[in-house]
1. Are any of the residues in segment A:136-151 closer than 30 Å to A:Phe398 by Cβ, assigned to a strand (DSSP E or B), among the aromatic types (Phe, Trp, Tyr) and out of contact with any helix residue (DSSP H, G or I) (no Cβ under 7 Å at 6 or more places or on another chain)?
2. Exactly one condition in (1) surrounded by fewer than 23 Cβ atoms within 10 Å (Cβ to Cβ); (2) touching a residue at least 40 places away in the same chain (Cβ under 8 Å); (3) in contact with a Leu (Cβ under 7 Å, 6 or more places away or on another chain); (4) more than 16 Å from A:Ala365 (Cα to Cα) is false for A:Val423; which is it?
3. So which of A:Met599, A:Met590 ends up being closer than 25 Å to A:Glu297 by Cα and not in a loop (DSSP other than H, G, I, E, B)?
4. Can you tell which of A:Asn255, A:Asn240 is modelled with pLDDT of 95 or more and either in the same structural domain as A:Ala538 (by TED's automatic domain parsing) or not hydroxyl-bearing (Ser, Thr, Tyr) (or both)?
5. Go through the residues of segment B:134-142 one by one and say whether even a single one is touching a residue at least 40 places away in the same chain (Cβ under 8 Å), hydrophobic (A, V, I, L, M, F, W, C) and within 22 Å of B:Asp36 (Cα to Cα).
6. Which one of these is surrounded by fewer than 24 Cβ atoms within 10 Å (Cβ to Cβ), polar (S, T, N, Q) and on the phi < 0 side of the Ramachandran plot: A:Ser291, A:Ser229?
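The values are calculated or read from the model by the stated rules, or taken from the named source; none is laboratory data. Everything numeric in this text was worked out from a predicted model, so none of it was measured. No Cβ is skipped: glycine too gets one built from the backbone with ideal geometry, and neighbour counts run over all protein chains shown.
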Amino acid sequence: MADLVTLTINGKTVQAPPGTLVIDAAKRAGIEIPAFCYYEGFSLQAACRMCLVEVEKMPKLQASCTLPVAEGMVVKTESDPVVKARKSTLEFLLTNHPLDCPVCDKGGECELQDMVFRYGAAESRFTEIKHHVDEKQWSPIVFYDAPRCILCYRCIRVCSEGMGVGALGIVNRGVYSEIAPSHGDHLECDECGACIDICPVGALTSGTYRYQTRPWEMKHVGTICTFCSNGCKTTLGVRNEKIVRGNNRDKSGINGEFLCIKGRFAFDFQDHPERLTSPLMRIDGKLQEVSWAKALEAVAKKFAEVKARNGKFGIVGSTKTTNEENFFLQKFARQGLGTNNIDHHRSGDVVTLMDALAGRTNALATVEDCYQMKAALVVGADLAQEHPLLAYQLRANFRHHNARVYTVTRGPVREDQYSVSRVRTEPGKELEGVESLRPMLSQEPELLILFGSSIKGEDVRRLVAFADSLNIPVKYICLVDYSNSRGAVDMGLLPDLGPGYQPVDNPGLTLPEMMAATDLDVLWVVGANPLARYSLAAANAFVVVQEMFLTETAQRADVVLPAASAYEKNGTVTNVTGQCQKLTAAAKTMGTKPDLEIMGLLAKEMKLNLGIWTVQSVFEQIRTQVRGYNIPLPVVATGQAAQTSPLNGRIPVISRPDLIQSASNTLFTSGSLGRYSKKLTSVLEYPGELYRP
Amino acid sequence: MTFSPELEKKLAKLIASYPPGKEKSALVPMLMFTQDEVGCITPELVQEVAKRLNIPPVQVDEVVSYYSMLHRKPMGKYHIQICTNISCLLWDADKLFEHACQKLGLGHKQVSADGQFSLEEVECIGACSWAPAIQVNYDFHHHVTPEKFDQIIDSLKKVQ
């Protein structure tokens with residue numbers, strides 16, 4: 001490492017690596033230099049003039065956001081000339097800024113407000129009438145109030161550099177300057193809302209949150225987004241048991257500040273009017289509301305009866321319920337009902353990858369690796385659509401570390417903007433494309449491979465063999481669809497594998513086999529919608545469904561038990577990279593129960609002894625019984641991500657690549673759940689073509 | 001969108017004059033050259049330029065809306081640009097502009113009914129040493145008095 005540069009800031013001796021900006025060096029020393037336009041991680045702008053500091057021997061005040069540290073530099077960040085300059089800057093920024101703080105969404109957490117409070121720019125020499133422009137709506141998500149804008153360019157940079165979309169620009173000049181969307185009067189973009197969150201003032205507001213509440217009237221609950229498998233932390237703002245906002249401004253979690261439209265806005269399924277709030281039972285051919293006691297009693301009675309006569313159960317678990325729920329469900333099936341007929345919607349061949357990598361260490365990548373590794377190969381996946389956080393990390397890796405990214409995909413993807421090489425192949429021929437990159441890939445010092453659902457079965461082994469032949473360190477990410485798709489596999493929602501990939505003695509029926517079995521007595525579906533893809537052959541099967549909505553599967557049910565959503569329960573989920581994170585209940589919907597509680601009550605009703613079914617005790621069982629899940633408790637308890645490592649040995653099962661099918665969700669769809677988010681559907685119905693790479 | 005062969009040749013030379021990867025530096029001259037041929041900056045032209053320079057269209061809009069010499073609507077055959085910045089102002093450029101308005105019967109950014117003349121009050125054109133200065137299309141006229149202005153306009157009318 002190069003020698004550190006020593007400088008003095010406010011009389012304090014500070015050391016920083018050469019090239020560090022004064023504003024960053026100060027921050028690391030605990031001295032805050034205010035800035036609107038400067039934003040860590042994005043290009044420098046030097047537009048706002050708030051970060052001016054006094055540097056000895058320099059005749060004029062310097063912008064600390066573009067000034068690298070130098071040996072012996074003496075900086076003063078709050079001297080009289082500096083304070084005077086900042087006050088003038090604020091006075092200038094306020095010339096056209098409306099004083100509508102009492103109704104502005106940003107009031108209370110506005111950086112401009114904070115600075116005016118700090119430097120007290122109470123008086124203005126400007127007597128001209130403020131220039132006013134009416135507010136504009138650019139999309140169902142984004143609203144822009146030009147007079148509030150201080151032209152810091154943050155939104156423009158987060159959109160073009162962070163997201164790779166570039167949907168925002170700045171038009172006109174001088175006092176008439178304003179932010180403009182990509183398509184004249186409207187936006188065609190990812191609708192991620194990053195521009196709204198990064199706005200230091202209330203110029204950009206969201207269609208979800210605007211005029212809903214004051215920031216200080218919410219409680220803030222950090223939990224994990226329940227849509228795709230990337231496992232972004234979203235901090236939900238909850239007011240009167242209603243979720244009104246999702247963001248992650250505190251940069252906690254593996255995603256830092258990043259969220260896509262799903263994590264930031266699609267929480268609105270939680271109070272969708274069609275949400276089930278009472279158990280339903282089929283009486284006289286129609287689903288009718290009944291009490292919890294009656295519904296549980298009917299299910300328990302049926303389960304006990306079928307179990308007693310050795311009847312056939314089919315159990316379908318969820319890719320969105322928690323690890324605890326999935327673990328308990330397979331325990332219920334195997335120990336309680338004596339069946340291995342349990343499966344879930346498989347969206348990636350995790351099992352074969354775990355088998356192919358058996359016994360290795362350091363072969364499974366984390367989300368952080370997407371940002372740190374020197375080279376990455378994306379095979380058969382459109383990351384920007386299906387795995388937006390991983391796409392964001394790779395893009396940031398390229399921006400900050402010049403990462404070399406290779407893509408082998410069937411069509412154009414957003415990574416093409418910066419990838420060193422892109423290969424287009426037909427589905428099924430991806431490995432030929434990968435092989436064609438061998439000369440380049442073998443020159444890389446290390447490689448991260450991300451592969452989608454088209455690489456499955458033997459292809460996974462071939463891919464690993466190819467990577468082995470490169471003789472460089474390689475890490476893998478097997479892409480899966482949903483928030484706990486990975487956890488569902490790890491917890492053993494499979495007919496041939498128990499928790500931790502332990503093979504079972506008598507493998508049960510797979511999901512298509514259950515659906516095709518005409519003699520199925522009971523179909524128990526927990527948070528899944530198999531009837532959207534399959535038809536149920538057994539006409540007389542007793543169908544029990546734990547669901548939030550009356551999905552295709554729930555409509556066919558004999559008993560529907562209203563389930564709590566992921567935002568209403570505690571537990572853990574495991575993301576696409578095998579990182580286990582904690583869910584924290586943010587709100588509550590009257591009448592619903594978390595799936596773990598429903599299953600626990602069913603076990604109690606059936607007088608089964610499946611152990612204590614509190615979240616903590618089931619999690620403890622997971623930690624001790626599931627291979628790879630012996631993760632440190634403090635990491636999970638404090639809301640961080642703990643990497644699981646289930647690569648302990650071979651997995652002797654017959655691979656079933658035919659059962660693996662990704663839903664290929666886009667940014668605006670997410671299986672059955674996505675349909676119940678008004679924000680997601682409103683964006684889909686929005687006129688204009690949505691952004692494609 | 002295609003341009004005349006001459007212009008295409010000019011644009012190819014222009015783009016090639018910047019280092020690889022920095023082609024978008026050609027944006028301003030490219031807009032000016034194409035504006036001369038097309039007549040103004042149309043939405044199609046914005047898309048075309050964006051495509052050729054591989055930048056988002058909104059970045060072209062940023063530049064078009066910033067520079068007063070780039071027009072969204074066609075200007076007259078003779079586009080009269082009068083500088084009223086400080087050096088010219090000291091030499092009564094404001095009065096010259098008022099005179100021009102009366103002479104042409106036009107206001108700022110207006111075009112005559114026959115499409116021959118248009119008038120625009122512009123920022124500094126870099127001719128401070130010869131203030132007050134005006135520009136007719138790409139031609140400069142120095143030390144312009146109201147009388148000299150009338151002569152310029154009359155000679156242009158004769159050319160028609």
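1. Of the residues in segment A:136-151, the ones closer than 30 Å to A:Phe398 by Cβ are A:138-139, A:141-142, A:144, A:149-151.
Still in the running and assigned to a strand (DSSP E or B): A:142, A:144.
In the following step, the residues that additionally are among the aromatic types (Phe, Trp, Tyr) were identified as A:144.
From the residues that got through so far, the ones that are out of contact with any helix residue (DSSP H, G or I) (no Cβ under 7 Å at 6 or more places or on another chain) too are A:144.
There is at least one residue in segment A:136-151 that is closer than 30 Å to A:Phe398 by Cβ, assigned to a strand (DSSP E or B), among the aromatic types (Phe, Trp, Tyr) and out of contact with any helix residue (DSSP H, G or I) (no Cβ under 7 Å at 6 or more places or on another chain).
2. The number of the failed condition is (2).
3. On the way: A:Met590 fails: not in a loop (DSSP other than H, G, I, E, B).
The match here is A:Met599.
4. Details: A:Asn240 fails: modelled with pLDDT of 95 or more.
Testing whether each residue is modelled with pLDDT of 95 or more and either in the same structural domain as A:Ala538 (by TED's automatic domain parsing) or not hydroxyl-bearing (Ser, Thr, Tyr) (or both) leaves just A:Asn255.
5. Here is the first cut: in segment B:134-142, the ones touching a residue at least 40 places away in the same chain (Cβ under 8 Å) are B:134-137.
Next cut, hydrophobic (A, V, I, L, M, F, W, C) only: B:134, B:136.
Then keep just the ones that are within 22 Å of B:Asp36 (Cα to Cα); that gives B:134, B:136.
Yes: one or more hits.
6. On the way: A:Ser229 fails: surrounded by fewer than 24 Cβ atoms within 10 Å (Cβ to Cβ).
Testing whether each residue is surrounded by fewer than 24 Cβ atoms within 10 Å (Cβ to Cβ), polar (S, T, N, Q) and on the phi < 0 side of the Ramachandran plot leaves just A:Ser291.
Matching residues to (1) part of a loop (DSSP other than H, G, I, E, B); (2) more than 14 Å from A:Pro594 (Cα to Cα); (3) not assigned by TED's automatic domain parsing to the domain that holds A:Gly231:
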| position | (1), (2), (3) |
| --- | --- |
| A:Glu513 | no, yes, yes |
| A:Thr518 | yes, yes, yes |
| A:Tyr534 | yes, yes, yes |
| A:Tyr567 | no, no, yes |
| A:Val576 | yes, yes, yes |
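Yes/no per residue for (1) crowded, with 17+ Cβ neighbours inside 10 Å; (2) under 33 Å from the mean Cα position of the chain (by Cα); (3) farther than 30 Å from A:Leu394 by Cβ; (4) not assigned by TED's automatic domain parsing to the domain that holds A:Gln393:
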{"residue": "A:Tyr39", "(1), (2), (3), (4)": "yes, yes, no, yes"}
{"residue": "A:Pro68", "(1), (2), (3), (4)": "no, no, no, yes"}
{"residue": "A:Val74", "(1), (2), (3), (4)": "no, no, yes, yes"}
{"residue": "A:Val82", "(1), (2), (3), (4)": "yes, no, yes, yes"}
{"residue": "A:Ser88", "(1), (2), (3), (4)": "no, no, yes, yes"}
